[in-house]
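Worksheet: one structure, shown below.
The values are calculated or read from the model by the stated rules, or taken from the named source; none is laboratory data. Given the structure is predicted, the values throughout are model-derived calculations rather than measurements. Cβ atoms come from the backbone with ideal geometry, glycine included; neighbour counts cover every protein chain shown. In case anyone asks, the SASA skips ligands and DNA or RNA and just uses the protein heavy atoms, side chains included. Shrake-Rupley method; radii C 1.70, N 1.55, O 1.52, S 1.80 Å.
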Amino acid sequence: MNQCDVIVVGGGLAGLVAASELADRGKSVVIIDQEPEHFLGGQAFWSLGGLFLVDTPEQHRMGIRDSRELALNDWMGSAQFDRTEDFWPRKWAEAYVDFAAGEMRPWLHAMGMRWFPIVGWAERGGSFANGHGNSVPRFHLTWGVGPGTVEPFERRVRAHAAAGKITLKFRHRCSALLSENGAVTGVTGEILADDASERGWSTNRDVIGGFELRAPSVLVTSGGIGGDHDLVRKAWPRKRLGEPPKKMISGVPAHVDGRMIAIAEAAGGRTINTDRMWHYTEGVKNWDPIWPNHGIRILPGPSAMWFDANGNRLKPPCMPGFDTLSTLKEILATGHDYSWFIMTQKILKKEVALSGSEQNPDFAAKSWLKVVQQRLLNKKATAAVEAFKDHGEDFIVANGLEELVEKMNQKAGNLIQLEKLRAQIVARDSQVDNPFTKDAQLMAVHAARNYRGDRLMRTAKPHRILDPENGPLIAIKLNIITRKTLGGFETDMNGQVFNGSGELIPGLFAAGEVSGFGGGGYHGYNALEGSFLGGCIFSGRQAGRADTIA
């Protein structure tokens, strides 16, 4: 006996979007999630809330000329699709760009979502126009960050729950998908003991019972593998990126454990492009952690000098904010799993931001006054950044280069040679007295300051790093931080999952990160930022509106 039309496995953003769309159509939905109720929204709650949008009023007001054609060129140049398995990922990519350039913003705006007026310029590429990167700023920061992105869909889900259309079952962990005659017909699993841990903390796995639910369709929206470093290393593309890091920090909570991938594979689902992944190189250990091995990503402006563990300056396109995976490969090629930013207090104040909703309380609170006070009028960096500078184990502050190098070597072994490092910084400093330069990074700084959004909030005026008036000097040890799975279950445009023979599995659907954000990897090899939350929204909506589901 069917207990509902659709079972949604996972209460993250993609699951909430799909469930709300299904209920709008009159479908009955059960959402199961292994975590407690106050974890609803999943990983998206902790995000910065950026969305990849195209040709928007926010861009127009900032003087940005964007178009669907330019965005598609950027996406395809970044994706670099080159496999037969990329048939559906390519279709999803094209459809997402159409969505981002069309209905996405007015649809979200009608639900009450708003965006910070200064559009961010993430993942700038640093190569040719037909290569990786965003040609123009497209990172639209949701007013209210991660919680503000989740809120419209959680509100819709809870309204449907109050009306009896959606049933929420927390602490219900799926352990198998039920199948009959080749079709998925339900789920079975364990009921876990209640847990009052704060959101994001690791919760207990104490089993107090079992459950079985049946429905014509099961939609898996359980996320990726970033919380399980063993799974990350197992999938690591060694030929393309080198050996995986011996040490990584976690950019996602422990519940992002990848359990449902093997469970849905056991039911016949086919995963593709699982060697494509997205991990950041600018991670710092959280001095006030929420989840195990908690890392925070620095969102850098373009000015900090970037050195490998041996004190060699990284070459373009390995510059702050330009090409994540090229930089990851370059760092790992040194045989070490960390690198260094060196900057001044002036650069720290203007350019260092921290990812995560809890690190941006002014944006999270939707307070214009706090934003102006902390980011424009404050003589220091934001309170969160200054707290990391004071308490974070990866931050070093010194009044001169000699002291800085001594502390760097104390922290990470005697690999940095003072005079070698000084020579590289002096050479860079020699380029700042003119508007002309042969230093590619300073060219990028000048280009960034041509955009008034960067000039106002994200890019410091070029200055000499070794001039004491710009100090103190700051070095930040940067760790590899896990984040996203770019591959996943191969699906058609309705989110229906294929089996290994290329046939659609009746009753089985996937959306969000577990589907590579659509089709099994709509990013290809590289992400353009804002496309993770955007992909959860788009793929959840596609599945929720599909005629083939339920």
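Could you calculate, for the stretch 125-273, the ratio of the Cα radius of gyration to the Kirkwood radius, expressed as Rg to Rh?
Numbers: Rg = 19.6 Å, Rh = 19.2 Å.
Result for the stretch 125-273 is an Rg/Rh of 1.02.
Ignoring ligands, DNA and RNA, how do TRP46, TRP92 rank by accessible area with a 1.4 Å probe, largest first? Numbers along the way, then the final one.
Numbers: TRP46 35, TRP92 0 Å².
Highest to lowest solvent-accessible surface, that is TRP46, TRP92.
Length gain on complete extension for the stretch LYS438 to VAL372, per 0.36 nm per residue less the alpha carbon to alpha carbon distance?
Numbers: separation 66, 0.36 × 66 = 23.76 nm, distance 3.52 nm.
Gain on stretching LYS438 to VAL372: 20.2 nm.
Under the √(5λ) rule applied to the eigenvalues of the Cα gyration tensor, what semi-axes describe the equivalent ellipsoid of the stretch 1-105? Give them in Å, descending.
Values: eigenvalues 202, 72, 42 Å².
One finds semi-axes of 32, 19, 14 Å for the stretch 1-105.
Determine, from the Cβ-Cβ distance of ARG68 and GLU402 and an R0 of 51 Å, the FRET efficiency 1/(1 + (r/R0)^6), rounded to the nearest 0.05.
The calculated FRET efficiency here is 0.45.
Suppose every K and R has +1 on its Cβ and every D and E has -1 on its Cβ; what is the size of the dipole of the stretch 1-54 about the Cα centre, in Debye to the nearest 20? Don't jump to the answer; show the numbers that get you there.
Numbers: 2 positive and 6 negative charges, 27 e Å.
In total the dipole reaches around 120 debye.
So what's the gap between the Cα centers of the stretch 324-380 and the stretch 419-455, to the nearest angstrom?
Going from one Cα centre to the other spans 19 Å.
Please compute the modelled spin-label separation between ALA176 and ALA333, points set 7 Å along Cα→Cβ, answer in nm with one decimal.
4.9
Along each of its three principal axes, how wide is the spread of alpha-carbon positions in the stretch 143-216, in whole angstrom units, largest first?
Reported extents, whole Å, longest axis first: 47, 29, 22.
Rounded to the nearest 0.05, what FRET efficiency do LYS169 and THR548 have when you use their Cβ-Cβ distance and R0 = 25 Å?
Working: r = 24 Å, r/R0 = 0.97.
It comes out at approximately 0.55.
Taking the stretch 445-550 on its own, what percent of its Cα-Cα pair distances exceed 21 Å? If you can, show how the numbers build up before the last one.
Details: 3172 of 5565 pairs.
Of the Cα pairs, 57 percent sit more than 21 Å apart.
Along the positive direction of the dipole of the stretch 392-502 (beta-carbon charges: Lys, Arg +1; Asp, Glu -1; about the Cα centre), which of PHE395, LEU442, PRO468 reaches farthest?
It is LEU442.
Computed from the mean reciprocal separation of all distinct C-alpha pairs, what Kirkwood hydrodynamic radius does the stretch 422-465 have, in Å? All intermediate terms of the calculation are to be shown ahead of the outcome.
Working: mean 1/r = 0.0921 Å⁻¹.
After inverting the pairwise mean of 1/r, the radius is 10.9 Å.
Using a 1.4 angstrom probe on heavy atoms only, work out the carbon and sulfur share of the accessible area of the stretch 274-388 in %.
Working: 2170 of 3950 Å².
Taking all protein chains in place, the stretch 274-388 shows 55 percent carbon and sulfur surface.
If you average 1/r over every pair of different alpha-carbon atoms in the stretch 262-382 and take one over that average, what Kirkwood value in Å do you get? Don't jump to the answer; show the numbers that get you there.
On the way: mean 1/r = 0.0590 Å⁻¹.
Across the stretch 262-382, the inverse of the average 1/r is 16.9 Å.
Rounded to the nearest 10 Å², what accessible area does MET493 show when all protein chains are kept and the probe is 1.4 Å?
50
Treating the beta-carbon of each Lys and Arg as +1 and of each Asp and Glu as -1, no other charges, what is the dipole magnitude of the stretch 416-479 about its Cα centre, to the nearest 20 debye?
Details: 11 positive and 7 negative charges, 52 e Å.
The calculated dipole for the stretch 416-479 is roughly 240 debye.
So for LEU377, LEU48, what's the accessible-area order with a 1.4 Å probe, most first?
Order by accessible area, largest first: LEU377, LEU48.
Of the listed pairs LYS239/LYS477; LYS379/LYS461; LYS349/LYS370; LYS329/LYS477; LYS389/LYS477; LYS246/LYS285, which have alpha-carbon separations greater than 22 Å here? Please list the in-between numbers first.
Working: LYS239/LYS477 26 Å; LYS379/LYS461 15 Å; LYS349/LYS370 16 Å; LYS329/LYS477 17 Å; LYS389/LYS477 12 Å; LYS246/LYS285 15 Å.
In this structure, LYS239/LYS477 lie more than 22 Å apart at Cα.
In the stretch 180-222, which trypsin sites (Lys or Arg not before Pro) are in a loop and have at most 13 other Cβ atoms within 10 Å, using DSSP for the loop call?
Details: sites: ARG199, ARG205, ARG214; in loops: ARG199, ARG205.
Counting only loop positions with at most 13 other Cβ atoms within 10 Å, the trypsin sites (Lys or Arg not before Pro) in the stretch 180-222 are ARG205.
Which of the chymotrypsin sites (Phe, Trp or Tyr not before Pro) found in the stretch 337-444 are loop residues per DSSP with 16 or fewer other Cβ atoms within 10 Å of their Cβ? Mind dumping the intermediate values first?
On the way: sites: TYR338, TRP340, PHE341, PHE363, TRP368, PHE388, PHE395, PHE436; in loops: PHE436.
Answer in residue order: PHE436.
For a bin width of 10 Å, list the pair-distance distribution of the stretch 332-442 built from all Cα-Cα distances, rounded to whole %.
Values per bin, smallest distances first: 11, 33, 33, 20, 3.
Go from 0 up to the bin containing the longest alpha carbon distance in the chain, width 20 Å each, and give me the % of pairs per bin.
Here the calculated profile for the chain is 22, 56, 20, 2.
Calculate the dipole size of the chain relative to its Cα centre from +1 charges on Lys and Arg beta carbons and -1 charges on Asp and Glu beta carbons; express the result in debye to the nearest 20. Write down the numbers at each step before the final one.
Details: 63 positive and 62 negative charges, 246 e Å.
It comes to approximately 1180 debye.
From the P(r) of the stretch 14-168, could you give the percentage of C-alpha pairs in the tail past 18 Å? Before the final figure, lay out each step's value.
Working: 7716 of 11935 pairs.
Counting pairs separated by more than 18 Å, the tail of P(r) holds 65 percent.
State in Å² the accessible area per residue of the chain; use a 1.4 Å probe, count heavy atoms of protein chains only, and round to the nearest integer. Let's see the in-between values first.
On the way: 20650 Å² over 550 residues.
About 38 Å² of surface per residue is accessible.
Rounded to two decimals, what is the ratio between the C-alpha radius of gyration of the stretch 393-478 and 2.2 N^0.38 Å? Kindly include the intermediate steps, with their values, before the conclusion.
On the way: Rg = 14.5 Å, N = 86, 2.2 N^0.38 = 12.0 Å.
Ratio of Rg to 2.2 N^0.38 Å for the stretch 393-478: 1.21.
For the chain, with the dipole built from +1 on Lys and Arg beta-carbon atoms and -1 on Asp and Glu ones, taken about the Cα centre, which of THR188, GLY125, LEU72 lies farthest toward the positive end?
Of the candidates, GLY125 comes out farthest on the positive side.
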